[in-house]
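Q: Structure incoming, see below.
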Amino acid sequence: MRLSRLLFVTLREDPADAEVRSHALMARAGFIHKLAAGIYVYGPMMWRVLRRIENIVRDEHDAAGCHEMLMPALQPRELWEESGRWERYVKDGILFNFRDRKGSQMCLGPTHEEVITTFVKRQVQSYKQLPVTLYQIQTKFRDEIRPRFGLMRGKEFIMKDAYSFDVSEEKMAESYALMRTVYRNVFTRCGLRFTPVQADSGAIGGCGSEEFMVDAETGEDGIAVCRASGYAANLEKAVSVIPAGAQPSVEVAMHKEPTPGAKSCEALLKLFPELPMTRLLKTLLYKVTYADVDAGESEGIVAVMCRGDREINETKLSNYLNALALDLASEEQVKAATAAEVGYAGPIGLAKHVRLLADSSVEGVKGFLCGGNETDMHYLDVYFGRDLEQPETADFGTVQAGDTVVDGDGKIEITRGIEVGHIFQLGTKYSEAMQATFSDENQKTQVMWMGCYGIGVSRVAASAIEQNHDEGGMIWPLPIAPYAVHLVQMKAGNEEQDALAQEIHDKLEASGVDVLWDERKKVNPGAKFKDADLVGIPLRIVVGRDAGERKIEWSVRTDTATKESLDANQAMERAIRLVQESGR
Ligand code: ATP
Ligand code: MG
């Protein structure tokens, strides 16, 4: 492709709203254009990348016996009522929903379990038709609270979603295991460094799931990993053995302590410098929205105790409570629950309407300090069993670096990642709700066992750049780069250079190697190199002064400082070989 024929506009400045490098660089290179928050135009270069990713995805799914199809983005409310998800998704705010001109409620699909289940239940009658795994690559719509980071978190984005249907739980597990392999292959072929982790199933539901995390410092997800045991889990889900805290040397009676203005653990530690953080129990108040079978929904206030050096994990808490929504309680709600200013909540003397829970980090803590439900007052030297009952206790805590893994003595580290894929064993949640059944070998009616599997195609592109970039710009992994070779012609119009560049371009293209040929006349070599660095095409051939001797300069985008003078034929052979080896 001659660059002068391409709509090729690059900017020297990062867009003001770009918080991560992938967003800034893609916008500067004209790969994406922001239309509104979370809504982007994919330019021609971006589209080439997305199609490359899609093709890898297709290839691996087809090879595993999955079948591609396409479902509508526009979906009727009734379907979502059948599965019981309409209310949760509307309440959550994630669902784009509206009425058509006849007044029927519709939504734009954030995911497609309902549609696929309806489709498959019409198509499948007999066990002989199972297993089947269907997939599509399609635009999804989610009204994200914080659309950001460019393509990372869009309101509209491209997803590959697949759904498996099986006759039994064991067969579902087999389909799931096969898809796990498909996912590993896809991300490996895309040239990404990634970690599969145990994950929370979230609003989709079901009984087991894993996420594929691209390793990146800027990732929105925290991951707990243990190199010794191989344990890896999303922080939302991760469990650990937490280190025990120091105990008091003597047991004394519980008493009130004046704590003027001390509303945080830090402020309290200033007042009680001898007290270890592990003997300080904080109490957080949440407003919880529950789904009620009859009344629609109801609200309640929940107080959760937790050791001072630990944090509450809202995902675990929300799952435990089976909550529709979970938010920190408002100032008024805290005052009503504690009869005190915010910052003095504790387990003793809470209002009757408050449900008290405790994270397992409080287990075994003796002689602790806790809020007194009175402004400027805390209780000290409190004991469960002696001064109050230990509340209903479960794991509501977030794993921390240095904790021990549950199944060994390895230590946990916390890293960050970008979720590019998520696979679930759904079980019979949707098939039961929507009556997707089949008749088994004995003509008995059974519900199907489902799995679902998502890849954020547009997020994969962004995460590739999050993982591979430098000062100068993007660095595309060869398998998904918009072009394989960037052919930079120093002086367009020079006869020898024109001829050699044309030849390299034509021969490479004829061998299936796509070339972006910068033959712009009015752009100086320095600017051409800057642009080449920015767009990040992995292989570079520079045609310049030595064109008459058929000599070119070879480099790769990962290391543009190392340049090699090569014979043109040699360079072409090398490019062809590298492209073939990359599976492009
Ligand atoms: P997240 O936790 O990041 O919000 P999710 O768990 O809600 O994602 P899934 O329902 O598992 O997402 O969707 C499957 C895949 O789609 C995700 O693994 C991710 O790669 C991608 N994805 C989800 N939401 C977005 C979005 N708003 N923009 C771009 N890609 C997304
Ligand atoms: Mg997910």
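Q: Out of all the residues in the stretch 191-206, is one or more touching a Lys or Arg at 6+ places or on another chain (Cβ under 9 Å) and either of a type in the set (Lys, Arg) or more than 13 Å from ligand 1 (Cβ to nearest atom) (or both)?
A: Yes - at least one qualifying residue is present in the stretch 191-206.
Q: Kindly list the number of the only condition in (1) among the acidic types (Asp, Glu); (2) more than 30 Å from His112 (Cβ to Cβ); (3) over 25 Å from the mean Cα position of the chain (by Cα) that fails for Glu217.
A: (3)
Q: Residue under question is Glu156, and the condition is that it be within 16 Å of ligand 2 (Cβ to nearest atom) and at pLDDT 95 or above; does it hold?
A: No.
Q: Take the residues in the stretch 545-584 that are touching a residue at least 24 places away in the same chain (Cβ under 8 Å) and part of a strand (DSSP E or B), then tell me which one is nearest to Val186 (Cα to Cα).
A: Per the stated criteria, the residue is Thr560.
Q: Taking the conditions exactly as written (touching a residue at least 24 places away in the same chain (Cβ under 8 Å) and either within 13 Å of ligand 2 (Cβ to nearest atom) or more than 30 Å from Val124 (Cβ to Cβ) (or both)), does Arg180 satisfy them or not?
A: For Arg180, the condition - touching a residue at least 24 places away in the same chain (Cβ under 8 Å) and either within 13 Å of ligand 2 (Cβ to nearest atom) or more than 30 Å from Val124 (Cβ to Cβ) (or both) - is not met.
Q: Could you list, in sequence order, all residues of the stretch 300-310 that are touching a Phe, Trp or Tyr at 6+ places or on another chain (Cβ under 9 Å) and outside any strand (DSSP E or B)?
A: If the condition is that a residue be touching a Phe, Trp or Tyr at 6+ places or on another chain (Cβ under 9 Å) and outside any strand (DSSP E or B), then Gly308 is the only one that fits.
Q: Where residues in the stretch 251-299 are at pLDDT below 95 and in a strand (DSSP E or B), which of them is farthest from Tyr379 (Cα to Cα)?
A: Gly296
Q: What number of residues within the stretch 324-335 satisfy the criterion of being assigned to a helix (DSSP H, G or I) and either in contact with a strand residue (DSSP E or B) (Cβ under 8 Å, 6 or more places away or on another chain) or under 15 Å from Thr393 (Cα atoms) (or both)?
A: Count: 2.
Q: Please pick out the residue among Val186, Val197, Val225, Val167 that is under 23 Å from Thr118 (Cβ atoms), in the same structural domain as Ile53 (by TED's automatic domain parsing) and either more than 16 Å from ligand 2 (Cβ to nearest atom) or of a type outside the set (Ser, Thr, Tyr) (or both).
A: Exactly one of Val186, Val197, Val225, Val167 is under 23 Å from Thr118 (Cβ atoms), in the same structural domain as Ile53 (by TED's automatic domain parsing) and either more than 16 Å from ligand 2 (Cβ to nearest atom) or of a type outside the set (Ser, Thr, Tyr) (or both), namely Val167.
Q: Okay, moving on. Being assigned by TED's automatic domain parsing to the domain that holds Val460, surrounded by fewer than 18 Cβ atoms within 10 Å (Cβ to Cβ) and either touching a Pro at 6+ places or on another chain (Cβ under 6 Å) or in a loop (DSSP other than H, G, I, E, B) (or both), is that true of even one residue in the stretch 108-124?
A: Among the residues of the stretch 108-124, not one is assigned by TED's automatic domain parsing to the domain that holds Val460, surrounded by fewer than 18 Cβ atoms within 10 Å (Cβ to Cβ) and either touching a Pro at 6+ places or on another chain (Cβ under 6 Å) or in a loop (DSSP other than H, G, I, E, B) (or both), which makes the answer no.
Q: What about Ala203, is it surrounded by 18 or more Cβ atoms within 10 Å (Cβ to Cβ) and either of a type outside the set (Lys, Arg) or at pLDDT 95 or above (or both)?
A: So Ala203 fails the test.
Q: Would you say Gly230 is out of contact with any helix residue (DSSP H, G or I) (no Cβ under 7 Å at 6 or more places or on another chain), over 30 Å from Leu369 (Cβ atoms) and modelled with pLDDT under 95?
A: Spelling it out, Gly230 is indeed out of contact with any helix residue (DSSP H, G or I) (no Cβ under 7 Å at 6 or more places or on another chain), over 30 Å from Leu369 (Cβ atoms) and modelled with pLDDT under 95.
Q: Ala325: under 29 Å from the mean Cα position of the chain (by Cα), crowded, with 16+ Cβ neighbours inside 10 Å and modelled with pLDDT under 95, yes or no?
A: yes
Q: May I ask you to verify whether Gln502 is at positive phi and either more than 16 Å from ligand 2 (Cβ to nearest atom) or part of a loop (DSSP other than H, G, I, E, B) (or both)?
A: Considered against the rule, which asks whether it is at positive phi and either more than 16 Å from ligand 2 (Cβ to nearest atom) or part of a loop (DSSP other than H, G, I, E, B) (or both), Gln502 comes out as no.
Q: Considering (1) within 16 Å of ligand 2 (Cβ to nearest atom); (2) touching a Leu at 6+ places or on another chain (Cβ under 9 Å), say which one Asn97 fails and leave the rest.
A: With respect to (1) within 16 Å of ligand 2 (Cβ to nearest atom); (2) touching a Leu at 6+ places or on another chain (Cβ under 9 Å), Asn97 is out only on (1).
Q: How about the stretch 407-465: which of its residues are among the hydroxyl-bearing types (Ser, Thr, Tyr) and surrounded by 20 or more Cβ atoms within 10 Å (Cβ to Cβ)?
A: Of everything in the stretch 407-465, those that are among the hydroxyl-bearing types (Ser, Thr, Tyr) and surrounded by 20 or more Cβ atoms within 10 Å (Cβ to Cβ) turn out to be Tyr430, Ser431, Tyr453, Ser458, Ser463.
Q: Name the pairs whose Cβ atoms lie under 7 Å apart, with the first residue in the stretch 133-144 and within 15 Å of Cys107 (Cβ to Cβ), the second within 16 Å of ligand 2 (Cβ to nearest atom) and hydroxyl-bearing (Ser, Thr, Tyr), and 6 or more positions between them or separate chains?
A: Pairs found: Lys140/Thr111.
Q: Of the residues Ser298, Ser318, only one is surrounded by fewer than 17 Cβ atoms within 10 Å (Cβ to Cβ), more than 20 Å from Pro248 (Cβ to Cβ), hydroxyl-bearing (Ser, Thr, Tyr) and out of contact with any Pro (no Cβ under 6 Å at 6 or more places or on another chain); which?
A: Ser298
Q: Being in contact (Cβ under 8 Å) with a residue 40 or more places away in the chain and within 16 Å of ligand 2 (Cβ to nearest atom) narrows it down to one of Val354, Val420, so name that one.
A: So the residue among Val354, Val420 that is in contact (Cβ under 8 Å) with a residue 40 or more places away in the chain and within 16 Å of ligand 2 (Cβ to nearest atom) is Val420.
Q: Right, here's the next one. Show me the strands (runs of 3 or more DSSP E) entirely contained within the stretch 348-432 in which 1 or more residues are at pLDDT below 95 and at negative phi.
A: Fully inside the stretch 348-432 and qualifying: 413-427.
Q: Residue by residue through the stretch 1-47, note down the ones that are aromatic (Phe, Trp, Tyr) and part of a strand (DSSP E or B).
A: Hits for the stretch 1-47 are Tyr40, Tyr42.
Q: Another question, then. Among Glu441, Glu413, Glu419, Glu392, which is under 23 Å from the mean Cα position of the chain (by Cα), more than 16 Å from ligand 1 (Cβ to nearest atom) and among the acidic types (Asp, Glu)?
A: Of Glu441, Glu413, Glu419, Glu392, the one residue that is under 23 Å from the mean Cα position of the chain (by Cα), more than 16 Å from ligand 1 (Cβ to nearest atom) and among the acidic types (Asp, Glu) is Glu413.
Q: Being under 19 Å from Pro479 (Cβ atoms) and of a type outside the set (Phe, Trp, Tyr) is the requirement here; does Val41 meet it?
A: Against the criterion (under 19 Å from Pro479 (Cβ atoms) and of a type outside the set (Phe, Trp, Tyr)), Val41 does not qualify.
The values are calculated or read from the model by the stated rules, or taken from the named source; none is laboratory data. Just so we're clear, the structure is a prediction, and the values are computed from it rather than from any experiment. So basically every Cβ, Gly included, is an ideal-geometry build from the backbone, and we count neighbours across all protein chains shown.
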